[in-house]
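Participant: Quick one: this structure, given as structure tokens, is what I'll be asking you about.
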Amino acid sequence: MANKRHLNGLDEMHQKIQLEAMALSLGVGLVLGLAYSNLDVTNIIESDAEISHLVIVMGLTYLGGVIAGLKRYR
């Protein structure tokens with residue numbers, strides 16, 4: 001609810017940037033998360049798949065999406 005209120009308080013450009021960055025982060029997280037899990041299950045990677053790695057990747061993807069959106073629309 002707090003995130004929705006925050007988005008509603010933004011102007012249209014910032015809403016678009018935030019939503020595009022969120023969509024990018026979700027897509028990357030879903031695809032890489034499933035691939036990472038499958039690599040762990042089949043023992044192709046030596047370490048265990050940790051959710052923290054996925055959270056870091058999603059956070060960095062979101063940050064990159066916001067920065068790219070700000071550069072594109074300004």
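The numbers here are math on the coordinates, done by the rules we state, and not lab data. On a predicted model such as this, the values are computed, not experimentally measured, just so you know. Cβ: placed from backbone, ideal geometry, glycine included. Neighbour counts: every protein chain shown.
Participant: Going by how many other Cβ atoms sit within 10 Å of their own, how do Glu12, Glu20 line up, fewest first?
Facilitator: Arranged by neighbour count, lowest to highest, Glu12, Glu20 become Glu12, Glu20.
Participant: Of the labelled options (1) 47, 28, 14; (2) 33, 28, 18; (3) 50, 29, 14, which one gives Cα extents along the principal axes in Å as computed for this structure?
Facilitator: (1)
Participant: Please list the helices of the chain that count as membrane-span-like by this rule: a mean Kyte-Doolittle hydropathy of at least -0.5 together with Cα atoms stretching 27 Å or more along the helix axis, each helix being a complete DSSP H run.
Facilitator: 12-41, 51-73
Participant: Next question. Run the quick spin-label model on Ile45 and Gln15: label points 7 Å from Cα toward the beta carbon, then report their separation in nm to one decimal.
Facilitator: According to this spin-label approximation, the distance is 3.7 nm.
Participant: Would you mind computing, in nm to one decimal, how far apart the modelled labels at Arg74 and Ala23 are, each placed 7 Å from Cα along Cα→Cβ?
Facilitator: So the label points at Arg74 and Ala23 sit 2.2 nm apart.
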